[in-house]
Amino acid sequence: MAVTLEGAPRLGWILVKALLRFAFMVANNLVAIPSYICYVILLQPLRVLDSKRFWCIEGIMYKWLLGMVASWGWHAGYTVMEWGEDVKAIWRDEAVVLVNHQSTGDVCTLMMCLQDKGLVVAQMMWLMDHIFKYTNFGIVSLIHGDFFIRQGKSHRDQQLLLLKKHLENNYRSRNRKWIVLFPEGGFLRKRRETSQTFAKKNNLPFLTHVTLPRVGATQIILNALVARQENGSPAGGDAKELESKSKGLQWIIDATIAYPKGELLDIQTWILGYRKPTVTHVHYRIFPIKDVPLETDDLTNWLYQRFIEKEDLLAHFYETGAFPPPKGHKEAVSREMTLSNVWIFLIQCWAFLSGYLW
């Protein structure tokens, strides 16, 4: 599109602002990430003496780093509106978060909208593509205990074994609570055609807003973390018994991310802020683990049904601009997610002060 004389000043300002934001982001990374690493090294004696306290402190610093990333989008006007059930009520319990995957902005959105859910971000484990291991944030994720999974049929069985071992060695020993997983195994635009072909061959619904999920990682997580009763069935929770002490994995949280008009945010937009302010919408549904089948075929069908429902949720959103109301209600209620500017300012002060001290 040609730039008019009247639009030139605005374009110039957008470019200047993008360059300033990029410089600020680089400065953030250059001071905050090395500071995090130095603190972790300094606290190694505590890890030997009191491992639980060490991982608690590390988790808080991890939450601050993710809050720093969230602040880049927040100050650009990229905010989040939440729908469905209130997941804040179960932040102390163990849960798996299943999320649809459309762009690199999905991760940034989750970093933002989970900041106000207690200590969830501090006690969270991410499952992400192995390519993220080689980004600037990769060293932080490795220290924190996130798992990098390599995609492709040739790697699948080996990766699932590595995931099982990783959970056994790192999940409970580091007091992790939530695991974030993208079951589609890649971005929507990359997997949609393959998923639709698979659906046609197996007489499954034709999906356009999501793809059929892969089951392997979800099954490994459930088998490793769900506490079993004496009869072998899962010991799940009930939403009315939140005060009771959880034992093992208690919940499946189905999170659906929707972008207005399907215009995706990516990490470049999040950093440079060249798009106009926009609201990303996140819809939550909570399922007690006792209602989730653990056998392969039943779990596969259960997951397929959740993503078929996601398709309906997104179709309704793109048609109306809102998610549908829950059963028995006339309209859906949304909640605006907010970040404290004071808290963001303190995070930035911590980052730059730590960098200066080190």
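The values are calculated or read from the model by the stated rules, or taken from the named source; none is laboratory data. Here the structure is a predicted model, which is why all the values come from computation and not from measurement. We place every Cβ from the backbone using ideal geometry, glycine too, and count neighbours over all the protein chains shown. For accessibility, only protein heavy atoms count, side chains too; no ligands or nucleic acids. Shrake-Rupley method; radii C 1.70, N 1.55, O 1.52, S 1.80 Å.
Listed values, structure above:
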| quantity | calculated |
| --- | --- |
| Centroid-to-centroid separation of segment 42-119 and segment 151-192 [C-alpha atoms, Å] | 18 Å |
| Size of electric dipole in the chain: Cβ of Lys, Arg +1 and of Asp, Glu -1, about Cα centre, debye, nearest 20 | 700 debye |
| With every protein chain in place, the chain: carbon and sulfur % of accessible area (1.4 Å) | 59 percent |
| 16 Å Cα cut-off, lysine pairs counted over segment 88-212 (separation 8 or more, or different chains) | 4 |
| Shape call, segment 9-102: gyration tensor on alpha carbons, a/c limit 1.5 | oblate |
| GNM flexibility winner over the chain from SER154, SER35, SER173 (Cα, springs under 10 Å) | SER154 |
| Convex hull of segment 60-165 built on C-alpha atoms - directionally averaged projected area, nm² | 7.8 nm² |
| Of the DSSP H helices in the chain, those whose Cα atoms cover at least 15 Å axially and whose Kyte score averages 0.5 or more | 8-42, 341-357 |
| Amide hydrogen neighbours beyond the local backbone of VAL180, cut-off 5 Å, H modeled | VAL97, MET125, TRP126, LEU127 |
| Per residue accessible area of the chain, 1.4 Å probe, in Å² | 51 Å² |
| DSSP bridge pairs, the chain: antiparallel proportion in percent, nearest 5 | 35 percent |
| For PHE352, solvent-accessible area (1.4 Å; no DNA, RNA or ligand), Å² | 80 Å² |
